[in-house]
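Read the structure below first, then the notes.
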Amino acid sequence: MNRLLILLFSIFLIGCCNEPKLLNNGLTKKATQITEYTIKVENDSLNNQIQDTLVITEKKYNENDQIISRHQRNLFADETMDIEFIYNNQKKIKREIVTLSNDSSNFIVDYFYKDTLLLETKSESINDIFQFKQIGGYKYNSDNKLKESSLKQIYIDVETNDTITNTLEISKYNDKEFVTESKLSDFRKPERNRNTEYKYDCGILMEIKEFNSKDSLISTTEYKYEFDKFENWTKRESIENDKLNYVRTRKIEYK
């Protein structure tokens, strides 16, 4: 009997984890800024590894651990994107203002709530080249935890009035509000439809599996991490189909 209790207790310990409690900034500790570097990893003809930094992103946070600005430099395209986050009196995001270096117009995302729950996001932008519409929807369970979200995007060519893109992505979440699966439907090009599954360990994303429109597995991406003393990751390797293809590092400036 004692051996059985020891065995059961050992299984219980193996199955449990000390999942860190995260703040609004996604970290375990307050921070003023996070700088992320996205690096592409490739091999040349001699199988020498080549690393190329594609994107540098700087995120700044307020006293409530909420993001207030995001500055993204796309080095591969020589362009920048800036996002300003504006909050309402209940400290909920009410608007994002997106500015692109190659576009004189701003892209605005508005947030709509019922009490404290986000129900919908809407954005629309038009210039001389295209018209863009985006609508996000959110559903909750009886405990007011997010259980499903949707994102519809439409691009229309202004000159020809042709629909360039018409997609709908529906995501489902677990009881900790982590996305567990998503389905992307491309109404113009159904062959691009995708189903994606997400797996976690102690709240950390460990694996993503992507399936095509015929439900055949097309890619498996595994993640490996390095953490600092506050249990926040500082390096994440993306290994797709057993091949390292991206490395993301981040510098966290704590308060």
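The values are calculated or read from the model by the stated rules, or taken from the named source; none is laboratory data. None of these values were measured; they are calculated from a predicted model. Positions of Cβ are generated from backbone atoms using ideal geometry, with glycine treated the same way; all protein chains shown enter the neighbour counts. Only protein heavy atoms, including side chains, enter the accessible area calculation; ligands, DNA and RNA are left aside. Shrake-Rupley method; radii C 1.70, N 1.55, O 1.52, S 1.80 Å.
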Per the Kirkwood formula on distinct C-alpha pairs, the Rh of region 104-177 is how many angstrom? 13.9 Å
For the chain, what is the calculated [θ] at 222 nm in deg cm²/dmol (nearest 500), taking -39500 (n - 2.57) for each run of four or more DSSP H residues and dividing by its residue count? -2000 deg cm²/dmol
Once the dipole of region 78-214 is set up with Lys and Arg at +1 and Asp and Glu at -1 on Cβ about the Cα centre, which of Gly137, Tyr198, Asn174 lies farthest towards its positive end? Asn174
Per-pair calculated FRET efficiency, R0 = 30 Å: Asn141 and Asp52 via Cβ, rounded to 0.05: 0.10
Pop the C-beta distance of Lys214 and Asn89 into the FRET formula with R0 = 45 Å and round what comes out to the nearest 0.05. 0.35
Just to be sure I understand, if you calculate percent of Cα pairs over 23 Å apart for this structure, which of (i) 57; (ii) 66; (iii) 52 do you get? (ii)
Quick one: order Glu19, Glu159 from most to least accessible surface, probe 1.4 Å. Glu159, Glu19
1/(1 + (r/R0)^6) with r = Cβ-Cβ of Ser45 and Thr249, R0 = 30 Å, i.e. FRET efficiency to nearest 0.05, evaluates to 0.65
Could you sort out which of Lys59/Lys176; Lys94/Lys243; Lys114/Lys189 sit more than 30 Å apart by Cα distance in this structure? Lys94/Lys243; Lys114/Lys189
0 to 90° range, to nearest 10: angle between helix 2-15 axis and the chain longest Cα axis: 20 degrees
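Phe130 to Leu151: extension gain in nm, 0.36 nm per residue of separation minus the Cα-Cα distance?
Full extension of this stretch gives 5.7 nm more.
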For Lys183, give me every one of the lysines with a C-alpha distance below 24 angstrom, ignoring sequence neighbours fewer than eight places off in its own chain. Lys122, Lys133, Lys139, Lys145, Lys147, Lys152, Lys172, Lys199, Lys209, Lys214
Measuring from centroid to centroid over Cα atoms, what is the spacing of region 23-83 and region 85-141 in Å? 21 Å
With the other protein chains left in place, how much accessible area per residue, in square angstrom, belongs to region 104-177 at a 1.4 angstrom probe? 66 Å²
